[in-house]
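The values are calculated or read from the model by the stated rules, or taken from the named source; none is laboratory data. None of the values given here were measured: they were computed from a predicted structure. Using ideal geometry, Cβ is built from the backbone for each residue, glycine included, and neighbour counts are taken over all protein chains shown.
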Amino acid sequence: MDFVFLLSSALLGVGLAMDAFSVSLANGLHEPHMRGGRMCLIAGVYAAFQYAMPMVGWICVHTIVETFSAVEKFIPWIALALLLYIGGKMLLEGFRERKEGPDTSGSRRLPTRDLIIQGVATSIDALSVGFTIAEYDFPMANVAGLIIGGITFAVCVLGLAIGKKAGTRLSWRAAILGGCILIAIGIEIFVKGLWG
């Protein structure tokens, strides 16, 4: 493994982590009183998916290329549906909080199911990275995946911290902004996947 390999893996990691960063920002806005352990858990979920998806893509390239090629065209649709669902939920919560007053029950906490959906939605486009790393042997592909996951973790912790800071000042507007961000990311992934 040389410097060029490490640099290209790191740059790939930064590029792939941007959707997860934006979703982390939205989650920080939505849950402004999140503790450090929860931030690490959320960032860890995104990092795990960002590691796993390129590896799944790599395995598909080396085993079932035809099947993966047939499924690849549905990736933008899946990401759009998942992010519209979660973003819509956040929007509804924000409008409800605006009408009924601040939520002090702690129910603004992101449910585990939604966290998993976000992890899939923000990393599903990384499946196609398996094609770009197809010439690597398994250990190199694994190292590339670990670098991508590590960078995603760091970027997501940063996004959560920024979102938390702004979320405490924005009140119910934070949930609406977070929902809009998720919907916008879903649309961006969809458009990029169809015409990119």
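Annotations for the structure displayed:
- Within region 28-46, restricting attention to residues that are over 18 Å from residue 121 (Cβ atoms) and among the small types (Gly, Ala, Ser), the residue that is surrounded by the fewest Cβ atoms within 10 Å (Cβ to Cβ) is 37.
- Put simply, of 130, 167 the only residue that is under 20 Å from the mean Cα position of the chain (by Cα) and farther than 22 Å from residue 55 by Cα is 167.
- Exclusive hit being surrounded by 15 or more Cβ atoms within 10 Å (Cβ to Cβ), closer than 24 Å to residue 190 by Cα and at pLDDT below 85, set 84, 80, 25: 80
- Pairs, first among the aromatic types (Phe, Trp, Tyr) in region 179-191, second buried (at least 20 other Cβ atoms within 10 Å of the Cβ), C-beta under 8 Å, six or more apart: 190/76; 190/79; 190/80
- Condition check for residue 65: modelled with pLDDT under 85, over 20 Å from residue 120 (Cβ atoms) and over 12 Å from the mean Cα position of the chain (by Cα): yes
- Selection status of residue 53, outside any helix (DSSP H, G or I) and at pLDDT 85 or above: no
- Just one of the numbered conditions (1) out of contact with any Leu (no Cβ under 7 Å at 6 or more places or on another chain); (2) assigned to a helix (DSSP H, G or I); (3) at pLDDT below 85; (4) not aromatic (Phe, Trp, Tyr) is not true of residue 119: (3).
- Some residue of region 134-154 being aromatic (Phe, Trp, Tyr), in a helix (DSSP H, G or I) and closer than 18 Å to residue 18 by Cα: yes
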